[in-house]
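Novice: Below: one structure in structure tokens.
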Amino acid sequence: MIESKLKVATCSLCGCFGCHMSLLDLDERLFDLAEKVEFDRSPLTDLKELGECDIGIIEGGIANVENVHTLLEFRARCKILIAMGACAISGGIPAMRNHYELKDCLEESYTRGIGLVDAQIPNDPEIPLLLDQVHPIHEVVKIDYFLPGCPPSADTIWTFVTQLLAGQPIALPYTQIHYD
Amino acid sequence: MAESSTLAQTIRDIVQRHQKLPTRLLQILREVQDRLTWLSTEAINVVAEELGISPAKVRSVAEFYSFLYTAPRGSYDILFSDNITDRMLGNRELLHYLADRLGVAINGTRADGRVSVGTTSCTGMCDQGPAALVNGYALTRLTKPRLDRIVELVNAKTPLEQWPREFFEVVSNIRRADILLGRHFADGAALRAVLKRGPEAILEEMVKSGLRGQGGAGFKSAAKWQSCRNAPGEVKYVVCNADEGEPGTFKDRVLMQDYADLVFEGMTVCGRVIGARQGFVYLRGEYRYMVDALKATLQRRREAGLLGAAILGDASFEFDIDIHLGAGAYVCGEESALIESLEGKHGVPRIRPPFPTTHGYLNKPTVVNNVETFASAAKIAVEGGNWFASRGTAESKGTKLLSLSGDCERPGIYEYPFGVTVRQVLEDCGARDAQGIQMAGPAGHMISAKLFDRRICFEDLATGGSFMVFDQRRDILDGIRNFAHFFVHESCGFCTPCRVGTSLMRDLVDKVHTGHGTRADLEEMRKLGQIMRVASHCGLGQTAPNPVLDSLDQFPESYERRLRSTAFEPAFDMNAALEQARWLTGRTDPDAYLDEEILSRAMP
Ligand SMILES: Cc1cc2nc3c(=O)[nH]c(=O)nc-3n(C[C@H](O)[C@H](O)[C@H](O)COP(=O)(O)O)c2cc1C
Ligand code: SF4
Ligand code: SF4
């Protein structure tokens with residue numbers, strides 16, 4: 001192995017992990033991918049530390065302080081940053097809470113729910129503090145590519161990744177970005 | 001019970017007066033609101049029942065137009081015109097002053113239900129601002145003493161009819177007249193010409209004249225009339241586009257106010273040429289103050305045998321004109337949206353083709369022309385095409401009315417032969433140190449002093465007539481921001497590139513304006529603007545990015561001096577976004593904050 005492999009990191013911020021499940025749906029193509037890239041920090045490797053990478057793939061939007069920290073770190077360490085899926089691109093399902101005050105959301109869950117004991121809004125410093133609204137990641141850092149879908153299908157991810165690695169312009173076929 | 005039955009009766013009477021025609025829906029809703037101050041669900045249901053259409057349909061119209069309200073509104077509804085030219089004249093200070101004195105929040109209604117204060121898009125009084133509307137009637141030349149008086153009148157519940165007349169005075173400010181405004185026109189002269197010479201001969205004169213649509217797009221008027229004349233069908237219509245929604249333009253107001261006969265005559269000639277018996281003037285809601293006078297003029301013309309059945313005594317010459325009032329929607333100036341609105345629907349542009357000349361009002365062949373186009377056509381019918389074509393340039397015959405406003409000593413209406421240079425206009429209106437002109441309104445082009453030797457005509461700088469001057473004291477970006485907000489407000493929401501694009505563009509302009517923009521944002525503006533241009537459904541979205549795209553090229557320094565030195569900057573204040581959660585949890589530990597140091601990592 002003379003040729004050094006490209007380094008890829010992935011993470012899920014405020015997402016449902018559905019986009020990562022779709023990544024796993026690459027199935028045997030993961031072996032082909034592993035020929036070309038080396039995974040750094042990612043739920044796939046369970047590595048927690050982020051090294052210097054060529055490509056960072058982000059699932060999910062920005063809902064709390066920890067998301068901000070993680071995203072900033074990815075931006076600082078990855079040459080190319082990709083927003084994967086509706087949540088990363090637009091906030092997605094979690095951003096539905098943007099229609100309500102944060103106070104109402106938290107009270108609904110923690111003080112008005114059924115069967116609560118000693119009901120109160122959690123204030124443990126271990127728990128990342130919530131932002132008042134959920135934001136798409138491009139509102140926090142510069143994003144180089146946007147890969148739409150909820151989640152993008154494995155085929156879409158595959159087309160995208162192979163074109164990117166080959167240094168080609170990205171051109172997704174109609175069926176991979178439309179659902180009609 | 002008693003109350004709701006009077007409501008029902010009021011509405012029934014109004015609907016009855018409009019012959020229960022669904023095409024009159026917008027006019028009906030306007031009248032219902034005039035009586036009830038807003039359109040409650042109950043009112044909407046009664047209108048729907050009386051017209052035999054679904055309440056959802058009525059609601060879709062009620063919710064579309066800015067001047068129709070589906071929530072309670074004050075008995076006095078005061079809306080400040082918020083064009084950049086009003087801002088130059090200090091309207092924001094007056095707005096706050098009035099709201100304070102009346103004790104009402106901006107965009108709110110006072111607790112006693114007496115008065116609401118808010119803003120609206122340009123009301124077409126740019127040469128006599130700061131301007132406003134009260135219950136739809138134009139107020140001009142506002143000052144603090146005038147507002148003090150208005151506060152007293154509102155608090156004393158004085159009916160509008162008893163307010164001082166001078167508050168409502170609208171002057172014409174004609175500063176330069178040429179063949180259209182300057183030459184005497186005898187009522188009926190054009191009608192006599194078309195009767196004597198016949199429609200073909202008049203069409204021939206129109207061809208010779210080279211007249212092009214004065215609404216801005218510049219389509220050859222003779223070709224439009226010819227195509228409608230050739231279109232199959234017994235029933236055809238003539239529509240005069242007096243929506244004049246482009247901020248900074250007010251020449252159609254002056255024509256309708258001082259030259260209505262000329263305009264009506266042009267429409268009647270058109271009716272004779274294409275074979276139509278009915279015409280409509282679609283008058284923007286902001287000009288409702290002139291409706292009574294226009295109706296009186298129409299009546300006078302009927303009595304003089306210039307309108308109605310047997311015009312000039314010829315039983316085969318029949319044509320009448322109806323006035324249809326808009327309700328605050330810029331997009332309704334687009335001809336197909338205008339037709340939808342005329343039909344009583346919400347004003348969303350149609351898919352074109354087919355064009356109105358074959359499928360217009362009620363799907364019948366229809367000519368839609370601008371006010372100025374009809375006025376010119378009337379003159380051409382009398383004086384001939386060659387006479388008209390002797391002025392102007394090779395591709396742009398005749399003259400153009402310019403509406404001048406902004407930083408100049410003599411704002412008002414200037415009629416020039418096509419081909420006049422920008423510099424000449426600036427000299428004539430006393431604009432001494434102009435740094436830029438917004439030509440043809442926000443949908444047109446922003447030009448800097450480098451381009452002042454260019455000529456106003458379709459070959460060079462095309463315009464519908466708006467001409468707003470920014471002098472050296474002004475911050476160009478204030479104007480751009482004003483226009484970006486205008487387009488967000490006016491986008492009809494039908495197609496995504498415009499609905500979303502205008503909002504994204506506004507956010508980007510705001511970000512740069514408040515000193516948070518970076519080069520990446522400027523790049524993003526260009527990309528976004530390009531998408532809006534090619535992907536929007538109608539002219540509104542296609543032209544909405546113009547002010548930004550032009551000024552990025554023409555006035556790069558007004559953006560650059562505001563940029564952060566970083567390559568990227570977040571779109572919102574992240575630390576402030578944690579404030580609520582800090583308050584809810586009572587946390588003050590270091591992890592409860594995102595300080596500058598951490599955030600600087602977002603900006604490599
Ligand atoms: C968003 C939008 C607004 C418009 N507003 C007006 C207007 O207020 N008055 C007008 O005459 N034309 C307006 N137009 C142009 C009309 O669609 C149409 O071209 C014009 O009325 C045709 O008349 P003309 O050929 O005499 O200019 C507008 C177009 C667009 C896309
Ligand atoms: S985009 Fe869809 S699949 Fe991906 S994280 Fe969001 S909700 Fe889950
Ligand atoms: S471009 Fe804008 S105004 Fe025109 S149809 Fe689309 S949303 Fe409506």
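The values are calculated or read from the model by the stated rules, or taken from the named source; none is laboratory data. It should be emphasised that the depicted structure is a prediction, and the values quoted were computed from it without experimental measurement. Quick reminder, even Gly has a Cβ in these numbers, built from the backbone with ideal geometry, and neighbours come from all protein chains shown. Calculation scope for accessible area: heavy atoms of the full protein, side chains included, ligands and nucleic acids excluded. Shrake-Rupley method; radii C 1.70, N 1.55, O 1.52, S 1.80 Å.
Novice: What's the carbon and sulfur percent of the protein assembly as shown's accessible surface, probe 1.4 angstrom, rounded to a whole number?
Specialist: Looking at the protein assembly as shown in its full context, I get 51 percent from C and S.
Novice: Between the chain alone and the structure with every protein chain in place, find the residues of segment A:138-162 that drop at least 30 Å² of accessible area; heavy atoms, 1.4 Å probe.
Specialist: Residues meeting the cut-off: A:GLU139, A:VAL140, A:LYS142.
Novice: With θ set to phi - 60°, apply the Karplus curve 6.51 cos²θ - 1.76 cosθ + 1.60 along segment A:169-174 and write out the HN-Hα couplings as whole Hz, x wherever there is a Gly or Pro.
Specialist: Here the 3J(HN,Hα) series is x, 7, 9, 8, x, 3 Hz.
Novice: For B:THR109, enumerate residues with amide H under 5 Å from its amide H, sequence gap 5+ or separate chain, H modeled in the peptide plane.
Specialist: none
Novice: Okay, next question. Largest first, what is the accessible-area ranking of A:LEU164, B:LEU39 with a 1.4 Å probe?
Specialist: A:LEU164, B:LEU39
Novice: Next up: Please give the total accessible area that chains A and B bury against each other, computed with a 1.4 Å probe and expressed in Å² to the nearest 100.
Specialist: Result for this pair: about 2200 Å² buried.
Novice: Moving on to the next point. Could you sort B:TRP225, B:TRP38, A:TRP158 by their accessible area in this structure, using a 1.4 Å probe and putting the largest first?
Specialist: Descending accessible area places them as B:TRP38, A:TRP158, B:TRP225.
Novice: Counting pairs of alpha carbon atoms under 8 Å apart in space and at least six apart in sequence, what relative contact order in percent does segment B:76-171 give?
Specialist: The normalised contact order for segment B:76-171 reaches 32 percent.
Novice: Short version: ³J(HN,Hα) in whole Hz for each residue of segment B:370-376, in order, from phi by Karplus 6.51 cos²θ - 1.76 cosθ + 1.60 (θ = phi - 60°), x for Gly and Pro, what are they?
Specialist: Computed from phi, the couplings for segment B:370-376 are 6, 3, 5, 4, 5, 4, 5 Hz.
Novice: Now, a different point. Positive end of the charge dipole of chain B (Lys, Arg +1 and Asp, Glu -1 on Cβ, about the Cα centre): tell me which of B:ASN173, B:THR123, B:ALA217 has its Cα farthest that way.
Specialist: The Cα lying farthest towards the positive end belongs to B:ALA217.
Novice: Residue farthest toward the positive end of the dipole of chain A, with Cβ of Lys/Arg at +1 and Asp/Glu at -1: which of A:PHE39, A:PRO151, A:ALA171?
Specialist: The Cα lying farthest towards the positive end belongs to A:ALA171.
Novice: So what's the gap between the Cα centers of segment A:1-51 and segment B:307-353, to the nearest angstrom?
Specialist: 62
Novice: Same structure, new question: Testing the spin-label approximation: label points 7 Å from Cα along Cα→Cβ at A:GLU107 and B:ASP471. State their distance in nm.
Specialist: Taking the two extended label points, one gets 5.5 nm.
Novice: Suppose a student asked you for the relative contact order of segment B:176-389, using Cα pairs under 8 Å spaced at least 6 residues apart; what percent would you report?
Specialist: Here the relative contact order equals 33 percent.
Novice: About the Cα centre of chain B, what is the dipole size in debye to 20, counting +1 per Lys and Arg Cβ and -1 per Asp and Glu Cβ, all else neutral?
Specialist: 1260
Novice: So if R0 is 22 Å, what FRET efficiency would A:GLU35 and A:GLN163 give, r being the distance between their Cβ atoms, rounded to the nearest 0.05?
Specialist: 0.85
Novice: Rounded to the nearest 20 debye, what is the charge dipole size of segment B:462-581 about its Cα centre when +1 sits on each Lys and Arg Cβ and -1 on each Asp and Glu Cβ?
Specialist: 200
Novice: Let me ask another. With springs connecting C-alpha atoms under 10 Å apart, model chain A as a Gaussian network and identify which of A:PRO128, A:PRO169, A:PRO94 has the largest mean-square fluctuation.
Specialist: A:PRO169
Novice: Counting only DSSP beta bridges with both residues in segment B:399-474, what percent are antiparallel, rounded to the nearest 5?
Specialist: 75
Novice: Quick one: if you stick a label point 7 Å off each Cα along the C-beta vector at B:HIS184 and A:SER4, how many nm between them?
Specialist: 9.2
Novice: Of B:VAL263, A:VAL117, which has the most accessible area and how do the rest follow, probe 1.4 Å?
Specialist: A:VAL117, B:VAL263
Novice: Counting heavy atoms of the protein chains only and a 1.4 Å probe, report the per residue accessible area for the protein assembly as shown as a whole number of Å².
Specialist: Here the residues of the protein assembly as shown average 42 Å² of exposed surface.
Novice: Which of B:MET256, B:PRO199, B:THR357 sits closest to the plus end of the dipole of segment B:176-389, meaning its Cα is farthest towards the positive end, when Lys and Arg get +1 and Asp and Glu get -1 on the C-beta?
Specialist: After comparing all options, I get B:PRO199.
Novice: Kindly tabulate the residues in segment A:109-127 with an accessible-area decrease of at least 30 Å² between the chain alone and the assembly of all protein chains, using a probe of 1.4 Å.
Specialist: Residues of segment A:109-127 that lose at least 30 Å² of accessible area once the other chains are added: A:ILE121, A:ASN123, A:PRO125.
Novice: Taking a virtual spin label 7 Å from the Cα of B:ALA576 along the C-beta vector, which residues in segment B:510-528 bring their backbone nitrogen under 15 Å of it?
Specialist: Answer for segment B:510-528: B:510-517.
Novice: For chain A, which longest stretch is free of loop sites, where a loop site is one of the GluC sites (Glu not before Pro) that DSSP puts outside H, G, I, E and B and that has at most 10 other Cβ atoms within 10 Å?
Specialist: Of all site-free stretches, the longest is A:50-125.
Novice: Using a 4.7 Å Cβ cut-off, which Cys residues in chain B lack a partner cysteine?
Specialist: B:CYS122, B:CYS126, B:CYS228, B:CYS240, B:CYS270, B:CYS332, B:CYS457, B:CYS492, B:CYS495, B:CYS498, B:CYS538
Novice: Where both residues lie in chain B, what percent of DSSP beta bridges are antiparallel, nearest 5?
Specialist: Antiparallel bridges: around 45 percent, rounded to the nearest 5.
Novice: Can you list the HN-Hα couplings for segment B:319-327, worked out from phi with the Karplus curve (6.51, -1.76, 1.60; θ = phi - 60°), rounded to whole Hz and with x for Gly and Pro?
Specialist: Residue by residue, segment B:319-327 yields 7, 9, 10, 10, 9, 10, 9, x, 9 Hz.
Novice: Around B:PHE185, under 13 Å between beta carbons, what's the net of Lys plus Arg minus Asp minus Glu among the other residues?
Specialist: Every neighbour counted, the sum reads -2.
Novice: Over segment B:477-560, what is the mean sequence separation of C-alpha contacts under 8 Å (at least six apart), divided by residue count, expressed as relative contact order in percent?
Specialist: Relative contact order comes out at 35 percent.
Novice: So what is the 222 nm mean residue ellipticity for chain A from helices alone, if each DSSP H run of at least 4 adds -39500 (n - 2.57) and you divide by all residues, rounding to the nearest 500 deg cm²/dmol?
Specialist: Computed mean residue ellipticity for chain A: -9000 deg cm²/dmol.
Novice: Could you check the simple spin-label distance between B:ARG300 and B:ASN386, using points 7 Å along Cα→Cβ, in nm with one decimal?
Specialist: Result: 3.5 nm between the two label points.
Novice: Tell me, in nm to one decimal, what length is gained between B:LEU504 and B:LYS527 on full extension, where the rule is 0.36 nm per residue of separation less the Cα-Cα distance?
Specialist: That works out to 7.1 nm of additional length.
Novice: Please figure out what share of the DSSP beta bridges in the protein assembly as shown is antiparallel and state it in percent, rounded to the nearest 5.
Specialist: 40
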